[in-house]
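What follows is one structure encoded as structure tokens, with my remarks underneath.
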Amino acid sequence: MAGKIICAGLGPGAPDLLSVRADRVIRSARHIAYFHKAGHRGQARQIVDGMLMPDAIEYPMEYPVTTELPVASVAYRHALAEFYDRWADRLADLACKHEVVVLCEGDPFFYGSFMHLHIRLQDRAAIEVIPGITGMTGCWNAIGTPMTWGDDVLTVLTGTMQEQDLIEHMQTADALVVMKTGRNLPKICRALMQAGRLHDAWLVERGTMPNQKIIRLADADSNNCPYFATVLVHGQGRRPDFEKKAAQ
């Protein structure tokens, strides 16, 4: 009997922020696959700790490289391409007979690693994707300040972009989210300073998780930032009239 591949979006990190559908699928899964870095259990696997069936078969998909090589280098891209090719083949074979659940932090189609498998699995296996709350959503709710007001435009950037590109986008943005921070944080801080937005920015580390940390970015140590961290700058003030009156 043919199976399929189900990618379950896990949300921002807290297990109780999974959707009902994702929770049900994960708890009943016989075959579970998840990404992780060498030497680490993996955030996705930690989120579902205690949820898996005792006889579930696990498939840890260990990245061959993470921060050891520049992301723009040929060696980095070649290593990741081979990794995704190999795991797409393996998951496609498993899906011939089994239902395989692939775990993905946040939402799978929003900067999720599963996208690299999804494109390789087209016409090779039945695929279902369960949406998840994005990490940035969990982070801005942790701050407790609305991100957008009225006609504000939300801009999402990645810390891996060139510094000048970051500056140009930041200068024209209303509300702003910067993902993929980590060791890119010093560059992000410089760009925000040039754009005149640094003192409006927040840094949320491990949003919604037990070790969550929220700090003004200007007060943060830009040389000591974990991978699961997001920079947020709320909209520039086009608030509804009643909010303006309340602020007076």
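Pick out the one residue from Pro210, Pro131 that is touching a strand residue (DSSP E or B) at 6+ places or on another chain (Cβ under 7 Å) and under 20 Å from Gly11 (Cα atoms).
Pro131
Show the residue pairs meeting these rules: Cβ distance below 6 Å; 6+ apart or different chains; first residue within region 31-44 and charged (D, E, K, R); second residue surrounded by fewer than 20 Cβ atoms within 10 Å (Cβ to Cβ) and part of a loop (DSSP other than H, G, I, E, B).
Listed by first residue and then by second, the contacts come to Lys37/Tyr63; Lys37/Thr66.
Within region 1-49, take every residue that is closer than 13 Å to Ile133 by Cβ and of a type in the set (Gly, Ala, Ser) and give me the one that is most open to solvent (accessible area, probe 1.4 Å).
Only one residue fits best here, namely Ser19.
If I go through region 124-172 residue by residue, how many of them are in a loop (DSSP other than H, G, I, E, B), of a type in the set (Gly, Ala, Ser) and either under 15 Å from the mean Cα position of the chain (by Cα) or within 30 Å of Leu94 (Cβ to Cβ) (or both)?
Just the residues of region 124-172 that are in a loop (DSSP other than H, G, I, E, B), to begin with: 124-126, 131-134, 144-153, 159-162.
Then keep just the ones that are of a type in the set (Gly, Ala, Ser); that gives 125-126, 132, 144, 150, 159.
Applying the additional criterion that residues be either under 15 Å from the mean Cα position of the chain (by Cα) or within 30 Å of Leu94 (Cβ to Cβ) (or both) yields 125-126, 132, 159.
The total comes to 4.
If a residue has to be in a helix (DSSP H, G or I) and either among the hydroxyl-bearing types (Ser, Thr, Tyr) or in contact with a Leu (Cβ under 8 Å, 6 or more places away or on another chain) (or both) to count, how many in region 196-209 make the cut?
1
Does region 112-134 contain at least one residue that is among the hydrophobic types (A, V, I, L, M, F, W, C), under 19 Å from Asp16 (Cβ atoms) and open to solvent by less than 40 Å² (accessible area, probe 1.4 Å)?
Checked against the condition, which is being among the hydrophobic types (A, V, I, L, M, F, W, C), under 19 Å from Asp16 (Cβ atoms) and open to solvent by less than 40 Å² (accessible area, probe 1.4 Å), region 112-134 yields at least one hit.
Residues in region 205-242 that are among the charged types (D, E, K, R), at pLDDT 90 or above and over 16 Å from Met147 (Cα atoms): how many?
Counting residues in region 205-242 that are among the charged types (D, E, K, R), at pLDDT 90 or above and over 16 Å from Met147 (Cα atoms) gives 5.
Please determine whether any residue of region 86-95 is in contact with a strand residue (DSSP E or B) (Cβ under 6 Å, 6 or more places away or on another chain) and farther than 18 Å from His36 by Cα.
There is at least one residue in region 86-95 that is in contact with a strand residue (DSSP E or B) (Cβ under 6 Å, 6 or more places away or on another chain) and farther than 18 Å from His36 by Cα.
The rows are residues; the columns are (1) β-branched (Val, Ile, Thr); (2) open to solvent by less than 20 Å² (accessible area, probe 1.4 Å); (3) farther than 19 Å from Thr158 by Cα.
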| residue | (1), (2), (3) |
| --- | --- |
| Arg183 | no, no, no |
| Ile188 | yes, yes, no |
| Leu192 | no, yes, no |
| Gly207 | no, yes, no |
| Gln212 | no, no, yes |
| Ile215 | yes, no, yes |
| Asn224 | no, no, no |
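Of the conditions (1) surrounded by 20 or more Cβ atoms within 10 Å (Cβ to Cβ); (2) modelled with pLDDT under 95; (3) more than 16 Å from the chain's Cα centre (by Cα); (4) assigned to a helix (DSSP H, G or I), Ala246 fails just one. Which one is it?
The failed condition is (1).
For Ala126, which of the numbered conditions (1) modelled with pLDDT of 95 or more; (2) within 30 Å of Gln194 (Cα to Cα) fails to hold?
Failed condition: (2).
For region 185-208, which residues satisfy the criterion of being in contact with a Cys (Cβ under 6 Å, 6 or more places away or on another chain) and small (Gly, Ala, Ser)? Talk me through it step by step, then tell me what you get.
Filtering region 185-208 for residues in contact with a Cys (Cβ under 6 Å, 6 or more places away or on another chain) gives 185, 204, 207.
Passing the criteria: only Gly207.
Tell me, which residue of region 71-95 that is outside any helix (DSSP H, G or I) and at pLDDT below 95 is nearest to Ile26 (Cα to Cα)?
This residue is Val71.
The values are calculated or read from the model by the stated rules, or taken from the named source; none is laboratory data. If you're wondering where the values come from, they're calculated on a predicted model, not measured in any experiment. Using ideal geometry, Cβ is built from the backbone for each residue, glycine included, and neighbour counts are taken over all protein chains shown. Heavy atoms of the whole protein, side chains included, go into the accessibility calculation; ligands, DNA and RNA do not. Shrake-Rupley method; radii C 1.70, N 1.55, O 1.52, S 1.80 Å.
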